[in-house]
Amino acid sequence: MTRLHIFDMDGTLLRGAASVELSRHLGVFEPADRIERAWLAGEISDIGFWDAMLPLWADVPESEIDAAFVAAAWIEGVPEVFEDIVRRGEHIAVISQSPHFFVRRLQGWGAHHTFGSQVLPGRPTTQDLLLTLQDKVDIALRLLDELRLTETECVAYGDSTSDTLLFDRLTHTVGVNCNANLRERAAVCYDGDDLREAYALGRSLMDTRASSEAAG
């Protein structure tokens, strides 16, 4: 049976934010942390966030981004979960508001589809480059259509406000260490440090639905 597993990245697969993890590796954590805090407090806009953050990564070679990716604070079990999904012949999509140049590196762990904001150091930030909450829904529905799957053959994993519209749309949703807003919307919630346990909850949601449909 073909299925689609959709993952948020920051706060779901990654314990923190990709922008801070990359900045930590490059030795510019303190200014990056200040920018992140200002954005979380609503003191700067999304575009203001990237206008301040991207110059910290100017002229960074691909090898350093690779190293930052490997050294980042991933939740336990991400490669193992991806490996299991691939082994079953199912599909993995990662949809994140973080830079796609970081998100796409998850393809090396087995992700079939990766989406992120198209921001780049040295490139002006415009609204059309940013991945929005609605984009997450639109991308998910497009993938389901391309794979000829129904919404009940899909499970989404997320942690925060950026996942609210997606969780409102889909039936099978797993909140991973999620905030109160998403906790109200999630079908089930997982609190812990091992994606394999959250993944087991997601599989259970789909398996229960499949069993009910078969019995009916």
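I need a count of the residues in segment 114-133 that are within 13 Å of the chain's Cα centre (by Cα) and surrounded by fewer than 19 Cβ atoms within 10 Å (Cβ to Cβ).
Matching residues across segment 114-133 total 2.
Within segment 147-163, take every residue that is over 19 Å from L201 (Cβ atoms) and of a type in the set (V, I, T) and give me the one that is surrounded by the fewest Cβ atoms within 10 Å (Cβ to Cβ). Explain how you work it out, then say what you get.
Initially, segment 147-163 is screened for residues over 19 Å from L201 (Cβ atoms), giving 147-150, 161-162.
Still in the list and also of a type in the set (V, I, T): 150, 161.
Numbers: T150: 9, T161: 12.
Checking each candidate, the answer is T150.
Take the conditions part of a helix (DSSP H, G or I), among the aliphatic types (A, V, I, L, M) and either in contact with a helix residue (DSSP H, G or I) (Cβ under 7 Å, 6 or more places away or on another chain) or modelled with pLDDT under 95 (or both) and apply them to A156. Does it pass?
Numbers: part of a helix (DSSP H, G or I): no; among the aliphatic types (A, V, I, L, M): yes; either in contact with a helix residue (DSSP H, G or I) (Cβ under 7 Å, 6 or more places away or on another chain) or modelled with pLDDT under 95 (or both): yes.
For A156, the condition - part of a helix (DSSP H, G or I), among the aliphatic types (A, V, I, L, M) and either in contact with a helix residue (DSSP H, G or I) (Cβ under 7 Å, 6 or more places away or on another chain) or modelled with pLDDT under 95 (or both) - is not met.
Being farther than 18 Å from A17 by Cα and not acidic (D, E) is the filter; apply it to segment 134-146 and report the residue that is surrounded by the most Cβ atoms within 10 Å (Cβ to Cβ).
Just the residues of segment 134-146 that are farther than 18 Å from A17 by Cα, to begin with: 134-135, 137-146.
From what's left, not acidic (D, E): 134, 137, 139-144.
Numbers: Q134: 10, V137: 20, I139: 17, A140: 22, L141: 15, R142: 11, L143: 19, L144: 19.
Here the residue is A140.
So is G108 out of contact with any strand residue (DSSP E or B) (no Cβ under 8 Å at 6 or more places or on another chain) and not in a helix (DSSP H, G or I) or not? Let's see the steps before the verdict.
Numbers: out of contact with any strand residue (DSSP E or B) (no Cβ under 8 Å at 6 or more places or on another chain): yes; not in a helix (DSSP H, G or I): no.
Spelling it out, it is not the case that G108 is out of contact with any strand residue (DSSP E or B) (no Cβ under 8 Å at 6 or more places or on another chain) and not in a helix (DSSP H, G or I).
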>> Tally up the residues in segment 37-93 that are in a loop (DSSP other than H, G, I, E, B) and hydrophobic (A, V, I, L, M, F, W, C), please.
In response: 7
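Here are some residues: M1, M9. Which one is of a type outside the set (V, I, T) and more than 19 Å from the chain's Cα centre (by Cα)? Break it down into steps so the answer makes sense when it comes.
Working: M9 fails: more than 19 Å from the chain's Cα centre (by Cα).
It is M1.
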>> What's the total number of residues in segment 11-70 that are surrounded by fewer than 14 Cβ atoms within 10 Å (Cβ to Cβ), farther than 28 Å from L195 by Cα and either in contact with a strand residue (DSSP E or B) (Cβ under 9 Å, 6 or more places away or on another chain) or in contact (Cβ under 8 Å) with a residue 12 or more places away in the chain (or both)?
In response: 4
>> For the list (1) in contact (Cβ under 8 Å) with a residue 24 or more places away in the chain; (2) in contact with a Leu (Cβ under 6 Å, 6 or more places away or on another chain), I need the number of the one condition that L131 fails.
In response: (2)
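The values are calculated or read from the model by the stated rules, or taken from the named source; none is laboratory data. Keep in mind that this is a model prediction, so the values were computed, not measured. Please note: Cβ atoms are built from the backbone with ideal geometry, for glycine as well, and neighbour counts cover all protein chains shown.
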